[in-house]
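Asker: One structure, as structure tokens, below. Some questions next.
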Amino acid sequence: MGRYVENNLGKNEVIVKKADRNALFLLSAWLKGILLCWLLFIPTIKAIIATIQFNHVELAVTSKRVIGKTGVVNTQSMDAALNKVQNVSVTQKLSGKIFNFGVVAINTAAGEYKFGAIKNPESFKGILMAQIDQFEEDRLTQQANQMAQAMASAINK
């Protein structure tokens, strides 16, 4: 993986969880590429492209945001505040259930972002949802403290 997430951290922001990726996701592409290479090498070329794309996907949850990037030539990046995440879903096919990988889809007001081959996708989803709850709790605590300070200063005047 590259360093997209690390290079885009804000002030006082830390990475809570970086999504790990499962290379077994590429197994079917490479099996087709090896077994059907006599077909003008098209399946092999597709397997090589899938491998390159696989190595250029990043997804992470920070203390304030969800950050992700996919693509090599045509890239798509997401950067959503935790309170702007509307839904997180996980899709796993049979091979994904066997080898424990899946697609994590994150819905925000800006659109849906899908990240494939994520190891332990349900665990990643749980960490993301817990961080969203923590972010909201911290925001409410901070807001209550500011209100209390404002009320205390108004009373002391």
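Rule-based calculations on the coordinates, nothing more; no lab input. Quantities reported herein were computed from a predicted structural model and do not represent experimental measurements. Ideal geometry is used to build each Cβ from the backbone, glycine not excepted, and the neighbour counts take in all protein chains shown.
Asker: What does the net charge come to around Gln92 if you take all other residues with beta carbon closer than 12 Å to its beta carbon, with K and R at +1 and D and E at -1? Don't skip to the end; give the middle numbers.
Answerer: Numbers: positive: Lys93, Lys97, Lys119, Lys125; negative: Glu122.
Within the 12 Å Cβ shell, the charges total +3.
Asker: Between Ala130 and Asn83, what FRET efficiency comes out of the Förster formula 1/(1 + (r/R0)^6) with R0 = 22 Å and r the beta carbon distance, rounded to 0.05? Don't skip to the end; give the middle numbers.
Answerer: On the way: r = 14 Å, r/R0 = 0.64.
Rounded to the nearest 0.05, the efficiency is 0.95.
Asker: While we're looking at this one, here's another question. With charges only on Cβ, +1 for K and R and -1 for D and E, what is the dipole size of the chain about its Cα centre, in debye, rounded to 20? Provide the component values of the computation, followed by the final result.
Answerer: Numbers: 18 positive and 11 negative charges, 62 e Å.
Approximately 300 debye in magnitude.
Asker: I want to check the label-to-label distance for Asn12 and Phe99. Put each point 7 Å from Cα in the C-beta direction and report it in nm to one decimal.
Answerer: Calculated label separation equals 4.3 nm.
Asker: Which entries in Lys84/Lys114; Lys64/Lys114; Lys32/Lys119 show an alpha-carbon gap greater than 18 Å? Mind dumping the intermediate values first?
Answerer: Working: Lys84/Lys114 16 Å; Lys64/Lys114 20 Å; Lys32/Lys119 23 Å.
Long pairs (Cα-Cα over 18 Å): Lys64/Lys114; Lys32/Lys119.
Asker: Sum up the charges of everything whose Cβ sits under 12 Å from the Cβ of Asp20, counting Lys and Arg as +1 and Asp and Glu as -1, but leave Asp20 out. Provide the component values of the computation, followed by the final result.
Answerer: On the way: positive: Lys17, Lys18, Arg21, Lys119; negative: Glu58.
That sum, taken over residues with Cβ under 12 Å, equals +3.
Asker: Answer with a single label: of (i) 39, 21, 14; (ii) 42, 15, 11; (iii) 24, 17, 16, which was calculated as semi-axes √(5λ) of the Cα gyration tensor in Å from the structure in view?
Answerer: Computed from the coordinates, semi-axes √(5λ) of the Cα gyration tensor in Å corresponds to (ii).
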